[in-house]
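Down below is the structure, laid out as structure tokens.
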Amino acid sequence: MAFHFRQLCFSSALLAVVIQLLHGVSSQLVVVEEPISAPPPPLVDLNGGPGYGIVPALFIFGDSLIDNGNNNNIPSFAKANYFPYGIDFNGGPTGRFCNGLTMVDGIAQLLGLPLIPAYSEATGDQVLRGVNYASAAAGILPDTGGNFVGRIPFDQQIHNFEATLDQIAGKSGGAVAVADSVARSLFFIGMGSNDYLNNYLMPNFPTRNQFNSQQFGDHLVQQYTNQLTRLYNLGGRKFVVAGLGRMGCIPSILAQGNDGKCSEEVNQLVVPFNTNVKTMITNLNQNLPDAKFIYLDIAQMLEDIVANQAAYGFTTMDKGCCGIGKNRGQITCLPFETPCANRDQYVFWDAFHPTEKVNLIMAKKAFAGDRTVAYPINIQELASLS
């Protein structure tokens, strides 16, 4: 189908204006609370031990798919700390771009860890179990997401992790103990979607005039390789790297077309990136001593959900549960908007992000799935490696 990129920029600009006007109202009326849940497990023993998580900690880097509050207190249009975000989260809105839990929340639970705190909110001994550095609108490239003003690009997220290492060093008994704990911890990285949606596809960015799709995929993964190597040099050894899904099928993109079909142009656009990331992971495993990188095929996970939607209990694949306009994807979920009641039947929560149900399905696939979704091994196997 024909896809008009200029319309995407118009939608994002309109979204920014609306959020700017309404966010001031919502921030005064909505109380953002920490989730209320059962008491967390004991602090992870840096030397390991029975009854603890199967890894010491989980460190998370990414964008709005897994941001859990880092954008709340920065000047940004990319925020989700207002109702109805968090409508199904015990404690209400936290900054997660979802009705409930994210994919990394589900992975943390499967690892035996508590929900991992946002870097902006992590205090005291919480950092010993992991930190979430993800930021909505962030990308691999530093300019990505500039239309949303404030965001924390991947390079800055890595810098924030360095600050966390300093915190851990002051709590854990020396550099040797810290190095051992970090080496046994998991690093989850999910970057790249904004480098397309909020960079390459934006007419006010020069990127499309500088690179064709293959060249852009090469450019991104060259940067990505350097960034992941930096995390390795900071002590990381076990890495989970998520590929990109079929972004041509999200409500925001569907709303730009006229035939109700996914944009194959956008879907094909990200293929070079995913292909390059798989090659990158093979190379990093071969070239970095003791490194263990795995790839999560998010596109394959989502295709399985679409192909077996009835078995999973989904009825609505092409509309957001919360949003305005065509496919409920032209303007994403606004403060105090009434979302759909049957959220477990929707694949998408808003114009861009999946529902909690989809997130938890993907978490289980990533944790214990076969080689079609996790390569060369799954998260459970990676966590168990010595």
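Annotations
- The numbered conditions (1) aliphatic (A, V, I, L, M); (2) more than 14 Å from Asp67 (Cα to Cα); (3) modelled with pLDDT of 95 or more; (4) touching a Pro at 6+ places or on another chain (Cβ under 9 Å) are all true for Ile158 except (4).
- Number of positions in segment 267-286 that are of a type in the set (Val, Ile, Thr), farther than 25 Å from Asn198 by Cβ and buried (at least 18 other Cβ atoms within 10 Å of the Cβ): 0
- Near pairs, Cβ below 7 angstrom, 6+ apart or cross-chain, from segment 139-162 (touching a residue at least 60 places away in the same chain (Cβ under 8 Å) and aliphatic (A, V, I, L, M)) to any residue that is in a loop (DSSP other than H, G, I, E, B) and surrounded by fewer than 18 Cβ atoms within 10 Å (Cβ to Cβ): Val149/Pro75
- Flag set for Asn327, criterion: farther than 13 Å from Phe97 by Cα and either basic (Lys, Arg) or part of a helix (DSSP H, G or I) (or both).
- At least 3 residues being under 26 Å from Ala169 (Cα atoms) is the threshold, and among the helices (runs of 4 or more DSSP H) wholly inside segment 205-256 those reaching it are 213-233.
- Single residue of segment 178-209 satisfying the filter (among the aromatic types (Phe, Trp, Tyr) and within 20 Å of Asn226 (Cα to Cα)) that is farthest from the chain's Cα centre (by Cα): Tyr196
- Candidates Ala163, Ala175: the one that is farther than 29 Å from Ala137 by Cα and over 16 Å from the mean Cα position of the chain (by Cα) is Ala175.
- Candidate set from segment 204-252 (those that are closer than 28 Å to Asn285 by Cα and touching a Gly at 6+ places or on another chain (Cβ under 6 Å)); member that is surrounded by the fewest Cβ atoms within 10 Å (Cβ to Cβ): Leu244
- Residue check, Phe273 part of a strand (DSSP E or B) and modelled with pLDDT of 95 or more: no
- Filtered residues of segment 92-136 (kept if within 19 Å of Leu165 (Cα to Cα), under 15 Å from the mean Cα position of the chain (by Cα), in contact (Cβ under 8 Å) with a residue 60 or more places away in the chain and not in a loop (DSSP other than H, G, I, E, B)): Val131, Asn132
The values are calculated or read from the model by the stated rules, or taken from the named source; none is laboratory data. For clarity, every value in this text was computed on a predicted model and none was experimentally measured. Quick reminder, even Gly has a Cβ in these numbers, built from the backbone with ideal geometry, and neighbours come from all protein chains shown.
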